[in-house]
Structure formats: structure tokens, C-alpha cells
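The values are calculated or read from the model by the stated rules, or taken from the named source; none is laboratory data. As the structure is a prediction and not an experimental result, all values here were calculated from the model. Positions of Cβ are generated from backbone atoms using ideal geometry, with glycine treated the same way; all protein chains shown enter the neighbour counts.
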Amino acid sequence: MSAVRFSRIAVVGLGLLGGSVARGVRAHLPAAVTLGFDADPAVRARAREISLADEVPETIDEAVAGADLVVLCVPVGAMEAAGRAIAPHLAAGVVVTDVGSSKASVARALADALPGVCVIPSHPVAGTEQSGPDAGFAALFKGRWCIVTPPADVDEAQTARVLAFWEALGARVEVMDAEHHDRVLAVTSHLPHLIAYTIVGTASDLEEVTQSEVIKYSAGGFRDFTRIAASDPTMWRDVFLSNREAVLEMLQRFSEDLTELQKAIRKGDGGMLFDTFSRTRAIRRSIIEMGQDDARPDFGRSHSD
């Protein structure tokens, strides 16, 4: 029997992900009523202007009242506060999920803030460097993975409803242990962002010395790093702090591997460099074969004038 769909969905936080959830629900689950809320009055006003949800109330209690699904789309550092804000206003039988990039800390925070409430954390592995209510779009989750990390004692029927929700928005779903999720995402997402922030920050320092030449003559690789480094600073600050143990573990491993490459360059060990680069090239091909990136030449960039 298919999972029973949610009929009244509240989205708390109307940035890129929250806006995309709201738009996705309206596009793919038109029978459901969507309610949106953001702590910023200007964001709420803009959400109304662009009809981001069916209703955008002025208070969070109005937004979540009567909802059978609440999706928390706030930075991970704000999850506990958001949970405590909605706790007194939740209907019986409601399911609460989220879109945070770290899961163990979010699960603990929401369990503390929402005792007795069915909390099933989620992480849609999708996004862009843009932010704000205008950045969202319904197709953001199409073909992307959404990792769901249900607690061990949760009702399996409710987990099935959350999985079906993300599938309805176009995502491919996977169930995973929260701690394992955090280690996997530390290397596939969090560490790359940390490296990008570092490289772009270093280039910014050098730019003062080289009189804008670093920026002026940026090659494609550096420009790709700047796209990643343009991601929302509040969100990523909270991600690194909430998943610090896994990030530090992967950063140590990365530092060791970088040291080995440094030694190979110093020694002129072309064989070691070639073997490393061949292995990483094969990983890129595997990502394309799994449909997780664009196989077109030049990363899909247009060659038109």
C-alpha cells in the first residue's frame, strides 16, 4: 500500500531550499496546502509577492497550526530554536523533518526541542550558490539524492511518508544512519566547501599583492571554486560547527594526502602524480555515469558568443 500523502505542509525558512520545497509541493503535490514562514519580515513580504506558498502568515504559530508535515529549512545552528518555537503549536500526529547538511547534531537538537513529536531528519543533497526567496525553483531536487536518517524507534509508516514526500518532489531517496551520513558528507560536501573557501580567501590576499592579476586572469578551475565559495555563509558556518568531528577527521586525511602530493612534486615523482590523477579522473566518470553531473563537454558551458 502506498504511503499516505501529507495534506497541509508548513515550510519554516524561505531561502533557497525552503523556497524550492514550497515550489516543489505546489508543482508536484497540488492537492496539499502550503504554508510558509520566515523570521525575516522582508522575506515574508517577498514570499507573498511571488506567491511562494498558498499562505505566508505573520507568525510561526499560524504557519504550523494544523500542519501534518513541517519542513524546517533553517541553518543547522538554528534548528533547536526553530523546534522550540513551533513546539507549542504543533497538531497531534504531525511529522517534522528538515533539510540540514549535518544530521546527528540536528537529530539531537530536535529531539530535545520536540519531545514526543515524530521527527524524521532529511538531507536533500541539492543546492546552488544562490540564497533568498527568489532563488528557489521546483526542479531543484529532480534526480538528486535525499538522505533520510530516521531514529531507530520511529514509526516505519511515517518514515515511508517522508520518503514518498521527497520522491514526489523528484528526489532519489536513501535511508542512512545519521553518524554515517555525517562522515560521508564531510568528504563529499563539507570538505570541498572548506577547501574552496580557503583557496578563494588565499587568492583574495594575493590579489592585493599582485594588483588584481589573480582575479583578472582567473582560470576556469578557480572560477568554479569561487562559485562554491559564494554559498550562504551562515549556513556553512553552522555546518562546519555542527559536524566538526567528521570534518576535522576528513581534513586530517586530506592534509596527509596533500603532503604526499607535495613530496611527489618536490621529488619529481611523475609516476605517483599520474596514478593519482588517473584515479581521480575515473571518479569523475563514475559521477557522470550515475547521473549526478552533466556529461557535456566543458561542464555544460555554452560556446555561443
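Restricting attention to segment 51-60, which residues are exposed (fewer than 14 other Cβ atoms within 10 Å of the Cβ) and under 16 Å from Phe137 (Cα atoms)? If the condition is that a residue be exposed (fewer than 14 other Cβ atoms within 10 Å of the Cβ) and under 16 Å from Phe137 (Cα atoms), then Ser51 is the only one that fits. Met235 meets the conditions (1) under 25 Å from the mean Cα position of the chain (by Cα); (2) at pLDDT 90 or above; (3) surrounded by 12 or more Cβ atoms within 10 Å (Cβ to Cβ) in every case but one. The failed one is (2).
Say whether the condition of being under 12 Å from the mean Cα position of the chain (by Cα) and at pLDDT below 90 is met by at least one residue in segment 117-127. Checked against the condition, which is being under 12 Å from the mean Cα position of the chain (by Cα) and at pLDDT below 90, segment 117-127 yields at least one hit. The criterion of at least 3 residues that are of a type in the set (A, V, I, L, M, F, W, C) and under 30 Å from Ile50 (Cβ atoms) is met, among helices (runs of 4 or more DSSP H) falling completely within segment 105-212, by 156-168.
Comparison of Ser189, Ser131, Ser122 shows that the only residue that is touching a Cys at 6+ places or on another chain (Cβ under 7 Å), buried (at least 16 other Cβ atoms within 10 Å of the Cβ) and within 19 Å of Met235 (Cα to Cα) is Ser122.
Which ones in segment 69-87 are of a type in the set (A, V, I, L, M, F, W, C) and either in contact with a strand residue (DSSP E or B) (Cβ under 8 Å, 6 or more places away or on another chain) or surrounded by 24 or more Cβ atoms within 10 Å (Cβ to Cβ) (or both)?
Step one: filter segment 69-87 for residues of a type in the set (A, V, I, L, M, F, W, C), giving 69-74, 76, 78-79, 81-82, 85-87.
Of everything in segment 69-87, those that are of a type in the set (A, V, I, L, M, F, W, C) and either in contact with a strand residue (DSSP E or B) (Cβ under 8 Å, 6 or more places away or on another chain) or surrounded by 24 or more Cβ atoms within 10 Å (Cβ to Cβ) (or both) turn out to be Leu69, Val70, Val71, Leu72, Cys73, Val74, Val76, Met79, Ala82, Ile86.
The residue pairs whose first member lies in segment 89-111 and is at negative phi, whose second member is of a type in the set (Ser, Thr, Tyr) and assigned to a strand (DSSP E or B), and whose beta carbons are closer than 6 Å, counting only pairs six or more residues apart or on different chains, are Thr97/Ser122. Filtering Gly24, Gly36, Gly66 for residues that are touching a residue at least 40 places away in the same chain (Cβ under 8 Å), under 20 Å from the mean Cα position of the chain (by Cα) and either crowded, with 20+ Cβ neighbours inside 10 Å or part of a loop (DSSP other than H, G, I, E, B) (or both) leaves a single hit, Gly24.
Inside segment 50-100, can you point out the residues that are of a type in the set (Val, Ile, Thr) and either touching a Gly at 6+ places or on another chain (Cβ under 7 Å) or not assigned by TED's automatic domain parsing to the domain that holds Pro115 (or both)?
Initially, segment 50-100 is screened for residues of a type in the set (Val, Ile, Thr), giving 50, 56, 59-60, 64, 70-71, 74, 76, 86, 94-97, 99.
Scanning segment 50-100 gives Val56, Val74, Val76.
Determine which member of the set Ala109, Ala113 is at pLDDT 95 or above, crowded, with 24+ Cβ neighbours inside 10 Å and either of a type in the set (D, E, K, R) or assigned by TED's automatic domain parsing to the domain that holds Val12 (or both). Going through Ala109, Ala113 in turn, just one is at pLDDT 95 or above, crowded, with 24+ Cβ neighbours inside 10 Å and either of a type in the set (D, E, K, R) or assigned by TED's automatic domain parsing to the domain that holds Val12 (or both): Ala109.
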